[in-house]
Amino acid sequence: MTFQTSIVAVLCGALGALLAWAYCAALWWNVRAYLGDAGWQALLLHLLRIAAVVLVFTLCVRRGAMPLLASFAGFLAARTAFVARYRSAIGEPG
């Protein structure tokens, strides 16, 4: 692996982590919108969340397998941290 490839992988990992943070924040807003009876707005936000994930992972896969795997690993790590933080905030064990 060249230095440039490793830099791209690190940047894609950070991009994946940032995407996960935005995805989980939008998921929280999405749940509030569904519970608040904002039907079409909740559906629009839901579709935008999915489109953002598809767009970012598509951009990463165009750079190669390593950037895609790095962005996915960053996404999973940040999502896991987000879920653990949420569980501890509501007092759920796990």
For the stretch 74-91, the count of residues that are in contact (Cβ under 8 Å) with a residue 12 or more places away in the chain and either outside any helix (DSSP H, G or I) or within 13 Å of LEU18 (Cβ to Cβ) (or both) equals 6
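Can you find even one residue in the stretch 2-22 that is assigned to a helix (DSSP H, G or I), surrounded by 12 or more Cβ atoms within 10 Å (Cβ to Cβ), of a type in the set (Phe, Trp, Tyr) and out of contact with any Leu (no Cβ under 7 Å at 6 or more places or on another chain)? Even if it seems obvious, please write down each step before you answer.
Let us first name the residues in the stretch 2-22 that are assigned to a helix (DSSP H, G or I), namely 3-22.
Then keep just the ones that are surrounded by 12 or more Cβ atoms within 10 Å (Cβ to Cβ); that gives 5-6, 8-22.
Okay, now just the ones that are also of a type in the set (Phe, Trp, Tyr), so 21.
Narrowing further to those that are out of contact with any Leu (no Cβ under 7 Å at 6 or more places or on another chain): 21.
Looking through the stretch 2-22, at least one residue is assigned to a helix (DSSP H, G or I), surrounded by 12 or more Cβ atoms within 10 Å (Cβ to Cβ), of a type in the set (Phe, Trp, Tyr) and out of contact with any Leu (no Cβ under 7 Å at 6 or more places or on another chain).
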By residue number, the members of the stretch 35-46 that are more than 20 Å from ILE90 (Cα to Cα), in a helix (DSSP H, G or I) and without any contact (Cβ under 8 Å) to a residue 12 or more places away in the chain are GLY39, TRP40, GLN41, LEU43, LEU44
Exception for ARG63 within (1) loosely packed, with under 11 Cβ neighbours inside 10 Å; (2) outside any helix (DSSP H, G or I) falls at (1)
Of VAL31, VAL56, the only residue that is surrounded by 14 or more Cβ atoms within 10 Å (Cβ to Cβ) and either in contact (Cβ under 8 Å) with a residue 40 or more places away in the chain or outside any loop (DSSP other than H, G, I, E, B) (or both) is VAL56
### Task
Return yes when ALA51 is out of contact with any Cys (no Cβ under 8 Å at 6 or more places or on another chain), modelled with pLDDT of 90 or more, of a type in the set (A, V, I, L, M, F, W, C) and exposed (fewer than 12 other Cβ atoms within 10 Å of the Cβ) and no when it is not.
yes
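The values are calculated or read from the model by the stated rules, or taken from the named source; none is laboratory data. Fair warning: this is a prediction, and the values are worked out from it, not measured in the lab. Positions of Cβ are backbone-derived with ideal geometry, glycine not excepted, and every protein chain shown enters the neighbour counts.
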